[in-house]
Amino acid sequence: LGSILSIILYIYYICIYLYVFISPMELELFNRFMYGTCEVNPDPLLPAGLPQLYGQVLFRQFYPSGAVQVIVNLRGLPTNDKQERAIHIHQYGDLSEGFVTAGPHYNPLGVDHPSHPGDLGNFFPSNGTVRRRLNVQAATLFGGPSILGRAVVIHEKEDDLGLGSDEESKRSGNAGRRIAGCVIGISSETLWNKTMNREKNAKR
């Protein structure tokens, strides 16, 4: 019995060590939640005639696991626009040459599209805006596979969800040109809470 208790105590102290010294300091500040934010801007190399998108993509996850909660708020589409557009997380937070340098879809497990951690799906606009909340099971804000520091990219077209007949369908969903995006950074809880409160007040 004594040896079992010793093992349990050892595991307990290892867990405490990992939590205190390896987990992000924000977990202590925000009740074990990690927050991320991404300020969307249009591709500076965008040809004339394509929509100039602005907005935010917000992220939240409870430590150490669970779905990543996502809030998408975009504006800048024509009010009569009916085109669904794909949003993906790409491998690099490098926007030095427009969004081409963001690289391919973030795909740490080497799986086919649409099972990448950052395959957020298609978003349908209403009156020139996109407002959506969703949960992403495959993504994480923690550890080596974290999406923090990577790029969110909004595409010109709809994602075919890997159902196309060509190889590009399995890589990217044939979603077309990258028209807007941003780099995901660590955030406080303030922006998330403000956005949630604004949504609640709008429903009253």
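Read the figures in this text as sums done on the coordinates, not as results from a lab. It should be emphasised that the depicted structure is a prediction, and the values quoted were computed from it without experimental measurement. Every residue, glycine as well, gets a Cβ built from its backbone with ideal geometry; the counts of neighbours run over all protein chains shown.
What the phi angles of segment 109-117 give under the Karplus curve with 6.51, -1.76 and 1.60, with θ = phi - 60°, is a coupling list of 9, x, 9, 6, 5, x, 9, 5, x Hz, glycine and proline written as x. Where a Cα-Cα gap under 18 Å defines reach, which lysines qualify for residue 170, not counting those fewer than 8 residues away within the same chain? The qualifying lysines are 157. Computed about the Cα centre, the dipole magnitude for segment 36-86 is approximately 120 debye when only Lys and Arg (+1) and Asp and Glu (-1) carry charge, each at its Cβ. Computed extension gain for residue 156 through residue 137, at 0.36 nm per residue and net of the alpha carbon distance, reaches 4.3 nm.
Work from the charge dipole of segment 24-174 (Cβ charges, +1 for Lys and Arg, -1 for Asp and Glu, about the Cα centre) and give the residue of 99, 164, 141 farthest towards its positive end. Final value for the positive-end residue is 141.
Can you put 132, 85 in order of Cβ neighbours within 10 angstrom, beginning with the fewest?
On the way: 132 15, 85 24.
Arranged by neighbour count, lowest to highest, 132, 85 become 132, 85.
Between the helical axis of 2-17 and the longest alpha-carbon principal axis of the chain there is an angle of about 40 degrees. In this structure, residue 62 and residue 92 have a Cβ-Cβ separation that, at R0 = 22 Å, corresponds to a calculated FRET efficiency of about 0.25. Checking the a/c ratio against 1.5 first, then a/b against b/c, what shape does the Cα gyration tensor give for segment 53-113? Verdict is oblate for segment 53-113.
When each of 111, 57 is scored by the number of other beta-carbon atoms lying within 10 Å, the sequence from fewest to most is 111, 57.
Size of the dipole of the chain about the Cα centre, Lys and Arg at +1 and Asp and Glu at -1 on the beta carbon, nothing else charged, in debye to 20?
Numbers: 19 positive and 19 negative charges, 184 e Å.
Taking the Cα centre of the chain as origin, the dipole is about 880 debye.
Look at where the Cα atoms of segment 123-162 and of segment 36-61 average out, and the two centres are 11 Å apart. Each of 112, 160 has some number of other Cβ atoms within 10 Å of its Cβ, and from fewest to most they run 112, 160.
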